[in-house]
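To start, the structure under review is shown below, and the notes come after it.
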Amino acid sequence: MSGTSGDVTVINGENTYVIPGLTDMHVHIMNYENLLLFIANGVTTVRNMWGAPEILDTRNKIKNRELIGPDIYTAESLLDGPGGWRQGCTVVTSIPQAGDAVLECVKTGYDYVKVYELLNSDVYYEIIKTAHENNIKVVSHIPQKVGVPGVIESRQYSIEHCHQLSETDIKILAESGTWWCPTTILHH
């Protein structure tokens, strides 16, 4: 029997099943027409790891029910050090630039600051410090000059992928409370 009981809608689920909404923890939204496919497949939340102003606009349209799609939590494009090659990345080479880059992420409305592999350690630690002071999470790769122990000690919120981690690193990570999003499909 379906119907309403007070403020609760009761749905007859006999001979059916229900699961909670799924979350895809590492996506790169590149085709906005495909957002409905997430919903059609039960994915109601995504963690976008390559941000852009258009994604912030799309996130707002979904929140305002102007567009159908999953709830979006998004990082900015990424912060990398000298030699950073990814198109759209912000190359950060100094401590003042590091603080400014984090503050720009906060001001723009991103949910995460995304760090990458070529950051110098002093720049990385300034990103972490400024992010903690401004209540924004730092996510993504392990800067080569910082290493797993430094990333864990700094309280980076999450590490993405598994190609940088040894079995020993994974044991340390498991004890630390730092989230790990292995994205193993990347390697298949």
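A short reminder: the numbers here are calculations on the coordinates, not readings from a lab. Keep in mind that this is a model prediction, so the values were computed, not measured. Neighbour counts are summed over all protein chains in view; Cβ atoms, including those assigned to glycine, are modelled from backbone coordinates with ideal geometry.
Mind checking which aspartates and glutamates have their Cα closer than 12 Å to the Cα of LYS61? Skip sequence neighbours fewer than 8 apart in that chain. Partners within reach: ASP71. Subtracting the Cα-Cα distance of LEU103 and TRP85 from 0.36 nm times their residue separation leaves 4.2 nm of extension gain.
Secondary structure note: in the chain, about 10% of the DSSP beta bridges are antiparallel. Between ASN135 and SER166, the simple label model (points 7 Å from Cα in the Cβ direction) yields a spacing of 3.9 nm.
Taking the longest Cα principal axis of the chain as reference, the axis of helix 121-133 is set at about 40 degrees.
The C-alpha atoms of the chain define a longest principal axis, and helix 167-176 lies at about 70 degrees to it.
In terms of packing, defined here as the mean over residues of other Cβ atoms within 10 angstrom, the peptides 139-148, 35-44 line up highest first as 139-148, 35-44. To test your reading of the geometry: what angle, between 0 and 90 degrees and rounded to tens, separates the Cα axis of helix 95-108 from the longest principal axis of the chain? Relative to the chain, helix 95-108 is tipped by roughly 10 degrees. If you bin all the Cα-Cα distances of the chain at 5 Å, starting from zero, the percentages per bin are 1, 7, 14, 17, 17, 14, 10, 7, 4, 3, 2, 1, 0. Greater than 23 Å separation of Cα atoms is the criterion. Which listed pairs, LYS63/LYS129; LYS107/LYS145; LYS107/LYS129, meet it? In this structure, LYS63/LYS129; LYS107/LYS145 lie more than 23 Å apart at Cα. Summarising the label geometry, the points placed 7 Å from Cα in the beta-carbon direction at HIS28 and THR44 lie 2.9 nm from one another.
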